[in-house]
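K.L.:
Below is the structure I would like to discuss, written out as structure tokens.
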Amino acid sequence: MTRSSPRPRPSRRGRGSLRAKKEDEASVAARVLSLSNCSYSELQEQWRAVWGTEPPHRASRELLIRAVAYGIQVQAFGGLDAKTLKLLRKADGQTGTRSKPHRTRLGKGSKLFREWHGEVHEVLVLDKGFAWHDETFPSLSAIARAITGAHWNGWAFFGLKRRTREAPAND
């Protein structure tokens, strides 16, 4: 994630006695529990009130409920400390600078195998390009097109790209 998440608006209520804190806890719990009874538009209003921004376009109802519930609790009890936030950003790969997405590199001499309609196809990685059936191709996509007759993302065809959704097998 390269964009930082919005932070909930701080609560304007001061910290009081133990009795006031217990009432606050009960009131926060009641607000959080009532979210599941809110309509989608009410949840969007709650988002705006808590986060001070527009809710994400096409956000699911469940996401709005969870995010608003978290924001309500942060307003009442405080958020994560700086050390924990830093640890989470580090674990998520956020360093504060934008970087290019990590791309898998194929070493020269690597071999890729793909079975298509009962035939196993072997591709050799070259310095520049790829070899298949004693021909050199500029990309894996060109080879996938030669094998299938259809346009494919070559990285996906050879199983080198993660799929976002399970798709039915094409072979």
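All of the numbers you see were taken from the coordinates with simple rules; none came from a lab. None of these values were measured; they are calculated from a predicted model. Note: ideal-geometry Cβ built from the backbone for every residue, glycine included; neighbour counts use all protein chains shown.
K.L.:
Answer with one residue from P55, L85, L33: the one whose Cα lies farthest towards the positive end of the charge dipole of segment 18-92, charges on Cβ with Lys, Arg +1 and Asp, Glu -1.
P.N.:
L85
K.L.:
Show me, for segment 115-127, the HN-Hα J-couplings you get by feeding each phi into the Karplus relation (A = 6.51, B = -1.76, C = 1.60, θ = phi - 60°), rounded to Hz, glycine and proline as x.
P.N.:
8, 9, 6, x, 10, 8, 10, 10, 10, 9, 7, 9, 4
K.L.:
Longer than 23 Å from Cα to Cα, which of K128/K161; K86/K161; K108/K161 are they? Say none if no pair is. Walk me through the numbers on the way to the answer.
P.N.:
Details: K128/K161 20 Å; K86/K161 29 Å; K108/K161 19 Å.
The answer is K86/K161.
K.L.:
For segment 18-92, report the translational diffusion coefficient in µm²/s to the nearest whole number, using Stokes-Einstein at 25 °C, 0.890 mPa s, and a Kirkwood Rh over Cα pairs. Mind dumping the intermediate values first?
P.N.:
Details: Rh = 13.6 Å.
The calculation lands on 180 µm²/s.
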